[in-house]
Amino acid sequence: MKEGKRKREVWEWIPPQNKESKFGGGEIPYPKVENRIPLFVIDMDHESNEVFFINNGKESLKEVISSKVGNWPVKEEDRKFSYENVLPGELVKIDDFDPIYDYNELIQQDVCLELENGDRMKFYCTSYGSCVPQTILLWDDQELGKGVNRIQY
């Protein structure tokens, strides 16, 4: 298992209707107003090419595991990264991304969570191309993000 990395309070949710255009001209027209708040997010730091899981909820997570296998990773060698007591607003590194070697690969992110009440769930999603896009795993209304799958244990 690789050495992990934690960050606090460095990520901010910006609803799509409030995002600035990358090409100038102010805000991007968006067909609907997004009032939901994401609870769990995967996002990439483009400077360090590291992929992070973000706990944007109001509760701590007992455990967060970045998995290499299709089921709950019991063995140490089945885990990329593992963290205990992930606080609200905390980012934890779950993967590395190399924009040169990985640009033409299908990347799957598997994130296993154990909540404080003992419930376990696994989220998995795929991305393809030159970066890992911001991916909302779960919204505050318990709806899954686009292209995200979940398994309850």
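Observations, loosely collected:
- Ranked by the mean number of other Cβ atoms within 10 Å of their residues, highest first, the peptides 15-21, 31-37, 78-84 fall in the order 78-84, 15-21, 31-37.
- Size check on the chain: the Cα extents along the three principal axes, sorted descending, read 51, 38, 26 Å.
- Distance-filtered residues of the range 56-75 - backbone nitrogen under 12 Å, label point 7 angstrom along Glu84 Cα→Cβ: 62-64
- Fully extended contour minus Cα-Cα distance, from Ser21 to Asp119, at 0.36 nm per residue: 31.3 nm
- Using 0.36 nm per residue and subtracting the Cα-Cα separation, the extra length available between Arg8 and Gln152 on full extension is 49.1 nm.
- Among 86-94, 137-145, the order from most to least packed when residues are scored by Cβ within 10 Å on average: 86-94, 137-145
We did not get these values from a lab; they are worked out from the coordinates using the rules stated. These numbers come from a predicted model, not from an experiment. When we count neighbours, we look across all protein chains shown, and the Cβ atoms used for this are built from the backbone with ideal geometry, even at glycine.
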